[in-house]
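Working notes for the structure below.
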Amino acid sequence: MLVSVLRHVLLSFAAGRAQASWIERRFDPGFGTLAGTREETQLLPSKTTKAVFLVGTTAIFALSDLTGGIAPLIAAAGVRNLLTRFRA
């Protein structure tokens, strides 16, 4: 069980580092063509969005390995999202 959680965390870390290094490489003047202003505008928020997605997905998979069920976790996240959106 703990090995599975560790595997999810390590794979997520590797995927996060890969996407971050790809985005940073696009801004490096010594590597190929530079990102244009439109691409810069799209890449920076994309970097943050992908990081949040990876952390959230990893947390859900790790918790599902520990608790055994993923459906209650997704339902709780959906309820929390609704409460946050309606500012309850």
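Points to keep in mind about this one:
- Qualifying residue in the range 67-75 (condition: open to solvent by less than 60 Å² (accessible area, probe 1.4 Å), touching a residue at least 12 places away in the same chain (Cβ under 8 Å) and touching a Leu at 6+ places or on another chain (Cβ under 6 Å)): yes
- Taken over the range 46-66, the residue count meeting the criterion of being more than 18 Å from S4 (Cβ to Cβ) and open to solvent by 80 Å² or more (accessible area, probe 1.4 Å) is 5.
- Set L43, L11: member being open to solvent by less than 60 Å² (accessible area, probe 1.4 Å) and either modelled with pLDDT of 80 or more or under 20 Å from the mean Cα position of the chain (by Cα) (or both): L43
- Residues within the range 22-40 that are surrounded by 10 or more Cβ atoms within 10 Å (Cβ to Cβ) and either assigned to a helix (DSSP H, G or I) or among the aromatic types (F, W, Y) (or both), tallied: 9
The values are calculated or read from the model by the stated rules, or taken from the named source; none is laboratory data. Treat the numbers as computed from the prediction; the structure is a model and nothing was measured. All Cβ positions, even for glycine, are placed from backbone atoms using ideal geometry, and neighbour counts span all protein chains on display. Surface accessibility is based on the protein's heavy atoms, side chains included, excluding ligands, DNA and RNA. Shrake-Rupley method; radii C 1.70, N 1.55, O 1.52, S 1.80 Å.
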